[in-house]
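To start, the structure under review is shown below, and the notes come after it.
The values are calculated or read from the model by the stated rules, or taken from the named source; none is laboratory data. Treat the numbers as computed from the prediction; the structure is a model and nothing was measured. Note that each Cβ is placed from the backbone with ideal geometry, even for glycine, and that neighbours are counted across all protein chains shown. Note: accessible area is taken over every heavy atom of the protein model, side chains too, but ligands, DNA and RNA are not part of it. Shrake-Rupley method; radii C 1.70, N 1.55, O 1.52, S 1.80 Å.
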Amino acid sequence: MTRGHFGQFGGRYVPDTLFSALESLEATYRTIAPTQEFKDEFSKLLKDYVGRPTPLFLAERISAEIGAKIYLKREDLNHTGAHKINNALGQALLAKAMGKRRIIAETGAGQHGVATATACALMGMDCVVYMGEEDIQRQSLNVYRMKLLGATVVPVTAGSRTLKDATTEAIRDWLTNVNHTHYIIGSVVGPHPYPTIVRDFQSIIGREAKKQILSAEGRLPDTVIACVGGGSNAMGIFHAFVKTKSVALVAVEAAGHGLDSGEHSAALNRGTPGVLHGSLSYLLQDSFGQIQLAHSVSAGLDYPGVGPELSYLKDSGRIRLETATDTDALASCRWLSRTEGIIPALESSHAIAVLKTMSFKSDDIVILNVSGRGDKDIGTLMEHGL
């Protein structure tokens, strides 16, 4: 790996205006993050404020039905209801170290927006969150939560009015206000060093899961499964297992109305390499390089690209790719709710769906990352008659 790249993927494709900010962020991260003072402050927040470690739960009824041991990594039990808070707090600490008191963020499902607003409220920072108009409508609960936490939510009416366009608007804000503003990117996307920073802050998920499964079973899992939009929850749990080739890593993308429908978010499965939002990765694009609209019933997976490290892991053959349709995800949300009493986010429901389509041996151990809880999706679930 060269600096800022994962194989051919990654890089820093940004206007000159942002170069100094990215260099400052990288320098701060490389200098501050390894210090014991930063580690202690971050660890204390994760423990006392977020509620880590999150449980690794043996889902016995689902295990009996699937015919393998299925463990659920319960990121839904974090403060704010998802894994996003891990990265938001880490980057807020970096912003504080850089002397930047204004924070901007993009959000799709609203969980990263809520996490960022929460971190800003805790640390006394100004917070502006860009969110697509369509996502504002289907994630109204999270919009209210962000505003209650003191954030300004800016509706984005351009393009698809979803996550891609919210990210674009956040970058425009950053270009204008870069001297006093830090952009907390919510996934393992964007220009270097963001994919590495976000992965590192989220890698607590996999480190905990590894320790917990060794304690529970005395060995590593056979398979680790996570849904993939940009990829922060996936890289968060995969990172601890990437070098252990005996552990299969399964990345589940949103197939929307079907991979052949043209209405999906499966950039790894159906995309080609290209540049979006500052880095080279797999994207949904046409032959002229124009970004195509993505679709998923889950707002957090509704993005036409994926992180550069996951793009590299695809090309290297380290991850196995699976997909789940909107219908699959909705059915799996109901299945986990009624079988284990856990209402998962629709993003996580895509990962849950492949438990019924994959083949496992009776002695297999599987860890599935439940990246968030489904409270935010109740409106969508009601619309679909669940």
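For the stretch 250-274, name all the residues that are touching a Phe, Trp or Tyr at 6+ places or on another chain (Cβ under 7 Å), crowded, with 19+ Cβ neighbours inside 10 Å and not polar (S, T, N, Q).
Of everything in the stretch 250-274, those that are touching a Phe, Trp or Tyr at 6+ places or on another chain (Cβ under 7 Å), crowded, with 19+ Cβ neighbours inside 10 Å and not polar (S, T, N, Q) turn out to be Ala267, Leu268, Gly271.
Every residue in the stretch 286-308 that is in contact with a helix residue (DSSP H, G or I) (Cβ under 9 Å, 6 or more places away or on another chain) and either closer than 24 Å to Gly7 by Cβ or among the aliphatic types (A, V, I, L, M) (or both), please.
Residues satisfying the conditions are Ile291, Leu293, Ala294, Val297, Ala299, Leu301, Tyr303, Pro304, Gly305, Val306, Gly307, Pro308.
Only one residue in Lys73, Lys69, Lys39, Lys47 is open to solvent by 40 Å² or more (accessible area, probe 1.4 Å), touching a strand residue (DSSP E or B) at 6+ places or on another chain (Cβ under 8 Å) and of a type in the set (Lys, Arg). Which one?
Details: Lys73 fails: open to solvent by 40 Å² or more (accessible area, probe 1.4 Å); Lys39 fails: touching a strand residue (DSSP E or B) at 6+ places or on another chain (Cβ under 8 Å); Lys47 fails: touching a strand residue (DSSP E or B) at 6+ places or on another chain (Cβ under 8 Å).
It is Lys69.
Determine the pairs where a residue that is without any contact (Cβ under 8 Å) to a residue 60 or more places away in the chain and of a type in the set (Gly, Ala, Ser), located within the stretch 178-203, has a partner that is surrounded by fewer than 23 Cβ atoms within 10 Å (Cβ to Cβ) and not in a helix (DSSP H, G or I) with Cβ atoms under 7 Å apart, the partner being 6 or more residues away or on another chain.
Ser203/His239; Ser203/Ala240
Can you tell me which condition Lys96 does not meet? The list is (1) open to solvent by less than 50 Å² (accessible area, probe 1.4 Å); (2) without any contact (Cβ under 8 Å) to a residue 60 or more places away in the chain, and all the others hold.
(1)
Does Thr107 meet the test of being open to solvent by less than 30 Å² (accessible area, probe 1.4 Å), in contact with a Phe, Trp or Tyr (Cβ under 8 Å, 6 or more places away or on another chain) and closer than 25 Å to Ser371 by Cα?
yes
How many residues are farther than 18 Å from Ala92 by Cβ and open to solvent by 20 Å² or more (accessible area, probe 1.4 Å) when one looks only at the stretch 113-147?
Here the count works out to 9.
Hey, among Ala27, Ala64, which residue is over 22 Å from the mean Cα position of the chain (by Cα), open to solvent by 20 Å² or more (accessible area, probe 1.4 Å), among the aliphatic types (A, V, I, L, M) and more than 21 Å from Asp200 (Cα to Cα)?
Ala64
Suppose the filter is more than 25 Å from Ser298 (Cα to Cα), surrounded by fewer than 24 Cβ atoms within 10 Å (Cβ to Cβ) and among the hydroxyl-bearing types (Ser, Thr, Tyr); does Ser246 pass it? It would help to see each step written out before you state the result.
Working: more than 25 Å from Ser298 (Cα to Cα): yes; surrounded by fewer than 24 Cβ atoms within 10 Å (Cβ to Cβ): yes; among the hydroxyl-bearing types (Ser, Thr, Tyr): yes.
Considered against the rule, which asks whether it is more than 25 Å from Ser298 (Cα to Cα), surrounded by fewer than 24 Cβ atoms within 10 Å (Cβ to Cβ) and among the hydroxyl-bearing types (Ser, Thr, Tyr), Ser246 comes out as yes.
Do the conditions hold for Ser187, that is, is it within 16 Å of the chain's Cα centre (by Cα), small (Gly, Ala, Ser) and crowded, with 20+ Cβ neighbours inside 10 Å?
Yes; evaluated as a whole, the condition is true for this residue.
Asp135 versus (1) at pLDDT below 95; (2) over 16 Å from Gly300 (Cβ atoms): which is the lone unmet condition?
Here Asp135 meets the rest and fails (2).
Take the stretch 204-230 and flag every residue that is under 22 Å from Leu93 (Cα atoms) and open to solvent by less than 10 Å² (accessible area, probe 1.4 Å).
Those that are under 22 Å from Leu93 (Cα atoms) and open to solvent by less than 10 Å² (accessible area, probe 1.4 Å): Ile205, Gly206.
Look through Thr162, Thr181, Thr157, Thr176 and report the one residue that is of a type outside the set (Gly, Ala, Ser) and either in contact with a Cys (Cβ under 8 Å, 6 or more places away or on another chain) or crowded, with 21+ Cβ neighbours inside 10 Å (or both).
Thr162
(1) modelled with pLDDT of 95 or more; (2) part of a loop (DSSP other than H, G, I, E, B): which one isn't true of Ala254, the others all being true?
Against the list (1) modelled with pLDDT of 95 or more; (2) part of a loop (DSSP other than H, G, I, E, B), Ala254 comes up short only on (2).
Looking at this structure, is Gly81 open to solvent by less than 40 Å² (accessible area, probe 1.4 Å), touching a strand residue (DSSP E or B) at 6+ places or on another chain (Cβ under 6 Å), on the phi > 0 side of the Ramachandran plot and of a type outside the set (Phe, Trp, Tyr)? I'd like the intermediate steps shown before the answer.
On the way: open to solvent by less than 40 Å² (accessible area, probe 1.4 Å): yes; touching a strand residue (DSSP E or B) at 6+ places or on another chain (Cβ under 6 Å): yes; on the phi > 0 side of the Ramachandran plot: yes; of a type outside the set (Phe, Trp, Tyr): yes.
For Gly81, the condition - open to solvent by less than 40 Å² (accessible area, probe 1.4 Å), touching a strand residue (DSSP E or B) at 6+ places or on another chain (Cβ under 6 Å), on the phi > 0 side of the Ramachandran plot and of a type outside the set (Phe, Trp, Tyr) - is met.
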